[in-house]
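Here's the structure we're looking at; comments come further down.
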Amino acid sequence: MPLYREEGVVLRTHKLGEADRIVTLLTRGRGLLRAVAKGVRRTSSKFGARLEPFMVADIQCFEGRTLDTITQAETLGAYGPAISADYDRYRAGSVMVETAERLAEGAPSRQQYALLIGALRTLAAARIPAELVRDGYLLRAMSLAGWTPGFDACVNCGAPGPHTAVAVQLGGVTCENCRLPGSPRLDPGSIALLAALLAGDWDAALASGDRERGQAAGIAAAYTQFHLERGLRSIHARRQ
């Protein structure tokens, strides 16, 4: 059977039999990949820890009839331990990899792959609050997928801003004439934070307050789930 090598980030795993796992990865060249890692749940496994969620690995696989099998794995980015050690980072990372998996159901995208790797690296470094990393990732991932939100001019008529009403279904802020009934009105600082997160302007994002971050998080989550056309399970997770 033909062998191949790939570079990928582990999105999730689940048990198979007594000692194996099925590993779901977002890969650089093949997009979404589900493969069997045999024996990784045994304590003697040489590469089980390299195939945990949030880890980036260079893998060797051989093709199977239904599922490919991972035969080797070398760590490229050991982000899993740092993310999993902190609840807020773990929750943010879980939202990010779930979103990445949903977006990867189409054709492979090296831009989406690079964005996820960069976001996980930033999350693991713990220099930026987890919720800001998460929300910045969500907005930029949606933009790469073709749904770029607008936080300056009215997304309906183009009237120049600033505007504070947000219509997720229209794609961003609206003027008063275009405001949809029931659409939320955010603080100006929250709109500025959303724009900063979309642009990757961490200095501006770090200057925001708790209220602004809370409002921005609600819009980022609603915008993502609207375009994915289904909810994200991990975004509603609660601390046990």
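Computed from backbone phi with θ = phi - 60° and the Karplus coefficients 6.51, -1.76 and 1.60, the 3J(HN,Hα) list for the stretch 91-96 is 5, 4, x, 5, 4, 5 Hz; x is used for glycine and proline. Under 5 Å from the amide H of LEU76 lie the amide H atoms of VAL56, ALA57, ASP58, each residue being 5 or more positions distant or on a separate chain, with H modelled from the backbone and absent for Pro and chain starts. Evaluate E = 1/(1 + (r/R0)^6) for ARG42 and GLU229, where r is the Cβ-Cβ distance and R0 equals 35 Å; express this FRET efficiency to the nearest 0.05. FRET efficiency, ARG42 to GLU229: 0.30.
Looking at the chain, the accessible area is 49 square angstrom per residue; that uses a 1.4 Å probe and ignores ligands, DNA and RNA. May I ask you to give the percent of accessible area on the chain that is carbon plus sulfur, with a probe radius of 1.4 Å? Carbon and sulfur atoms account for 49 percent of the accessible area of the chain. With R₀ set to 35 Å, the beta-carbon distance separating GLU74 from ASP210 gives a calculated FRET efficiency near 0.25. Rg and Dmax of the stretch 46-154, based on Cα coordinates, read 15.5, 55 Å. Shown for the stretch 1-110 is the translational diffusion coefficient from the Stokes-Einstein equation, using the Kirkwood radius over Cα pairs, a temperature of 37 °C and a viscosity of 0.692 mPa s: 233 µm²/s. Applying the Karplus relation 6.51 cos²θ - 1.76 cosθ + 1.60 with θ = phi - 60° to the stretch 211-228 yields 3J(HN,Hα) values of 4, 5, 5, x, 5, 5, 4, x, 5, 4, 5, 5, 5, 5, 5, 4, 7, 6 Hz, where x marks Gly and Pro.
For the set SER208, SER109, the ranking by accessible area, highest first and with no ligand, DNA or RNA atoms included, is SER109, SER208 under a 1.4 Å probe. Name the residue, out of ALA57, ALA104, ALA19, whose mean-square fluctuation peaks in a Gaussian network model built on the chain with Cα pairs under 10 Å. Comparing ALA57, ALA104, ALA19 in a Gaussian network model of the chain, the most mobile one is ALA19. For GLY161, the residues whose modelled amide H falls within less than 5 Å of its own, excluding neighbours fewer than 5 places apart on the same chain, are ALA153, CYS154. Over all distinct Cα-Cα pairs of the chain, the Kirkwood formula returns a hydrodynamic radius of 18.9 Å.
Sequence-distant contacts, meaning Cα pairs under 8 Å at least 6 residues apart, place the relative contact order of the stretch 1-133 at 24 percent. The stretch 165-240: percent of C-alpha pairs farther apart than 22 Å? Pairs farther apart than 22 Å: 29 percent. Measuring max minus min along each principal axis, the C-alpha atoms of the stretch 117-205 give extents of 44, 26, 22 Å (largest first). Remark: relative contact order (the chain) = 14 percent; criterion is Cα-Cα distance under 8 angstrom and separation of 6 or more residues. By the Cβ distance rule (another cysteine Cβ under 4.7 Å), the unpaired cysteines of the chain are CYS61, CYS157, CYS178.
Based on C-alpha pairs under 8 angstrom that are at least 6 apart in sequence, the stretch 110-204 has a relative contact order of 21 percent. Reducing the stretch 138-214 and the stretch 72-110 to their Cα centroids gives an inter-centroid distance of 26 Å. The 3J(HN,Hα) values that the Karplus relation (6.51, -1.76, 1.60; θ = phi - 60°) gives for the stretch 72-81 are, in residue order, 9, 8, 10, 6, 10, x, 8, 8, x, x Hz. Gly and Pro appear as x. Residues of the stretch 139-157 falling in the label zone of ARG121, defined by backbone nitrogen less than 20 Å from a point 7 Å along Cα to beta-carbon, are 139-142, 144.
The values are calculated or read from the model by the stated rules, or taken from the named source; none is laboratory data. Model, not experiment: these values are computed from the prediction. Every residue, glycine as well, gets a Cβ built from its backbone with ideal geometry; the counts of neighbours run over all protein chains shown. The area values use the complete protein model at the heavy-atom level, side chains included, leaving out ligands, DNA and RNA. Shrake-Rupley method; radii C 1.70, N 1.55, O 1.52, S 1.80 Å.
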